[in-house]
1. Go through (1) open to solvent by 40 Å² or more (accessible area, probe 1.4 Å); (2) more than 30 Å from ARG114 (Cα to Cα); (3) more than 18 Å from the chain's Cα centre (by Cα) and name the single condition ALA68 misses.
2. Have a look at ILE104, ILE108, ILE80 and point out the one that is under 18 Å from MET50 (Cα atoms), surrounded by 14 or more Cβ atoms within 10 Å (Cβ to Cβ), at pLDDT 80 or above and touching a helix residue (DSSP H, G or I) at 6+ places or on another chain (Cβ under 8 Å).
3. Could you pull out the residue among LYS4, LYS8, LYS44, LYS29 that is basic (Lys, Arg) and within 19 Å of ILE104 (Cβ to Cβ)?
4. Evaluate the following for ARG147: is it assigned to a helix (DSSP H, G or I), surrounded by fewer than 16 Cβ atoms within 10 Å (Cβ to Cβ) and at pLDDT 70 or above?
5. I need a count of the residues in segment 18-48 that are open to solvent by 80 Å² or more (accessible area, probe 1.4 Å) and acidic (Asp, Glu).
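The values are calculated or read from the model by the stated rules, or taken from the named source; none is laboratory data. Keep in mind that what you see is a predicted model, and the values were worked out from it rather than measured. Heads up, the Cβs are rebuilt from the backbone with ideal geometry, glycines too, and the neighbour counts pull from every protein chain shown. For accessibility, only protein heavy atoms count, side chains too; no ligands or nucleic acids. Shrake-Rupley method; radii C 1.70, N 1.55, O 1.52, S 1.80 Å.
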Amino acid sequence: MKLKVRNKLIIGFMPLLIVIFLFSLAGIKTFIAIHQNISDLQQKITPTAMSMLELKSVLLSLETEIKARDIDQKKTEEQIGQIQNLLRNHLATEDSSDDPNKQIAQDIRLRAMRVMKYARYLRNTTKKSWMEPAEVDKIMNNIYQERIALSNILDEHIAL
């Protein structure tokens, strides 16, 4: 049986075309899976990352007020409420996560609760009168240390 050159070329390249087609389908399927995974990560991570950045902003604002020795009691109470809401929102998503994230979430919660305790103490104290500079410096240093530790934890957590 004699085949024409055209038919020989078609028969010779057909397996190659089939292999290329199969690899193309596998590549398209992989790209779709990658896109879906990225979309899922964005939906899970973006709200958490935003709440962490807001938490850092509130902590910095609180520290700035203390440094200026100008505690606005209403604003401080709002900031404490913001921290509570951010923790509630962030930790609600972290409770369903795996064990390392639960540990990080608990560390964030403990440090943020300490900052809220210091802020409430300052707010209540400034209702009566302003404290001694040494006491303010001590509380300010405590808030600063907690903010730095929280910032490091949040930065590492966001990077994950």
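1. (2)
2. Result: ILE80 is the single residue among ILE104, ILE108, ILE80 that is under 18 Å from MET50 (Cα atoms), surrounded by 14 or more Cβ atoms within 10 Å (Cβ to Cβ), at pLDDT 80 or above and touching a helix residue (DSSP H, G or I) at 6+ places or on another chain (Cβ under 8 Å).
3. Only one candidate passes the filter, namely LYS44.
4. no
5. Number of matching residues: 0.
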